[in-house]
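Reviewing the structure listed below.
The values are calculated or read from the model by the stated rules, or taken from the named source; none is laboratory data. Here the structure is a predicted model, which means the values were calculated and not measured. Glycine also receives a Cβ, built like all others from the backbone with ideal geometry; neighbour counts cover every protein chain displayed.
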Ligand SMILES: NC(=O)c1ccc[n+]([C@@H]2O[C@H](COP(=O)([O-])OP(=O)(O)OC[C@H]3O[C@@H](n4cnc5c(N)ncnc54)[C@H](OP(=O)(O)O)[C@@H]3O)[C@@H](O)[C@H]2O)c1
């Protein structure tokens, strides 16, 4: 596949009647994306977790886009029950969803299981994308043409999937668990786009760049090293947000689906991420782990 300069004719095309849902919209890349979209007049639904971050995001958006229509939900997206509750609220309260940005993510130094018995990197970084998207699928289809954007990372290239230890619980290593979860994002996107063919809903994944957010900062030695790395080569949250806004709004990308974007450019993801059989197996396993297999 040839790298596509999708930015060339970049412009925003949003109307005030559009509704955009952004997970992790209270910090870093998600907040910068929200800030940019808020000024376009779209209705925004943001999901965050830490109350001080939610309060700060609220103040910032009120200050920078005083007329924006923004609602923030506090949800622990590593909890299946809370994701299901959030989806029920959104399905009840929203007439439509034009864009869903699955962006919430983290890297954890120490292994921990969620109350659902899932490793928390896998739960937050992959299962939240999978479960929320599937539970909002009907509304997204009814709102077509609509777009799903899954924020992933170039580190997916370092990962492989091992179904005997999908969640990296044997000899947990934070970097391995994180890169694997980002490979899951790309595989999920490709299987999702196949399943959405003909519905008018597109699904793409994007690496936003190495970005100077608080991502990884509080993770001991790793956090220190990553902070130095980000400072040296990182891009700003607004610059990263431009890449997501481009995917969410560019008329040039209408109908484009199942692609992996390195910033503004569509490029092939890793060989593992292009393995359709692997993507299907991950889908089926995620369905089983989520308990949604009785619905879909
Ligand atoms: N920064 C980078 O260099 C980089 C590079 C490649 C990919 N990415 C990806 O970009 C995405 C956003 O990261 P970022 O750099 O913007 O990091 P960030 O500043 O730490 O933001 C992460 C967002 O996720 C939310 N979140 C974390 N745990 C949550 C939970 N349990 N439930 C609900 N929300 C939760 C956070 O909410 P609170 O603020 O309320 O905790 C925050 O809004 C992630 O998927 C990451 O993998 C980042």
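Details
- In region 51-62, the residues that are outside any helix (DSSP H, G or I) form no Cβ pair under 9 Å with any partner that is at pLDDT 95 or above and more than 8 Å from the ligand (Cβ to nearest atom), whether six or more places apart or across chains.
- For region 68-100, filtered to residues that are in contact with a strand residue (DSSP E or B) (Cβ under 9 Å, 6 or more places away or on another chain) and closer than 20 Å to residue 290 by Cα, the residue that is nearest to the ligand (Cβ to nearest atom) is 77.
- In region 33-67, residue farthest from the ligand (Cβ to nearest atom) [restricted to those that are closer than 30 Å to residue 119 by Cβ and within 16 Å of the chain's Cα centre (by Cα)]: 45
- Residue within region 272-291 that is modelled with pLDDT under 95 and surrounded by 15 or more Cβ atoms within 10 Å (Cβ to Cβ) present: no
To keep it simple, each residue is scored yes or no on (1) buried (at least 18 other Cβ atoms within 10 Å of the Cβ); (2) without any contact (Cβ under 8 Å) to a residue 24 or more places away in the chain; (3) assigned to a strand (DSSP E or B).
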| site | (1), (2), (3) |
| --- | --- |
| 132 | yes, no, no |
| 135 | yes, no, no |
| 141 | no, no, no |
| 147 | yes, no, yes |
| 150 | yes, no, yes |
| 157 | no, no, no |
| 163 | no, no, no |
| 169 | no, no, no |
| 172 | no, no, no |
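- For region 237-296, the set of residues classified as outside any helix (DSSP H, G or I) and over 20 Å from the mean Cα position of the chain (by Cα) consists of 271, 275, 291, 295, 296, listed by residue number.
- Selected residue (only one of 209, 216 is under 14 Å from residue 152 (Cβ atoms) and within 16 Å of the ligand (Cβ to nearest atom)): 209
- Filtering region 42-67 to residues that are touching a strand residue (DSSP E or B) at 6+ places or on another chain (Cβ under 7 Å) and surrounded by 13 or more Cβ atoms within 10 Å (Cβ to Cβ) leaves 42, 43, 44, 45, 46, 47, 48, 49, 54, 57, 58, 61.
- Any hit, region 103-119, residues being under 21 Å from residue 31 (Cα atoms) and part of a helix (DSSP H, G or I): no
- Region 207-229 - residue that is in a loop (DSSP other than H, G, I, E, B) and buried (at least 16 other Cβ atoms within 10 Å of the Cβ) and, of those, modelled with the lowest pLDDT: 219
- Residues satisfying the stated conditions in region 18-28, i.e. under 23 Å from residue 135 (Cβ atoms) and either near the ligand (Cβ under 10 Å from one of its atoms) or outside any strand (DSSP E or B) (or both): 18, 22, 23, 24, 25, 26
- When residues of region 174-187 are limited to those that are out of contact with any strand residue (DSSP E or B) (no Cβ under 7 Å at 6 or more places or on another chain), closer than 18 Å to residue 210 by Cα and modelled with pLDDT of 95 or more, the one surrounded by the fewest Cβ atoms within 10 Å (Cβ to Cβ): 176
- Count of region 48-59 residues which are in contact with a helix residue (DSSP H, G or I) (Cβ under 9 Å, 6 or more places away or on another chain) and over 15 Å from residue 24 (Cβ atoms): 0
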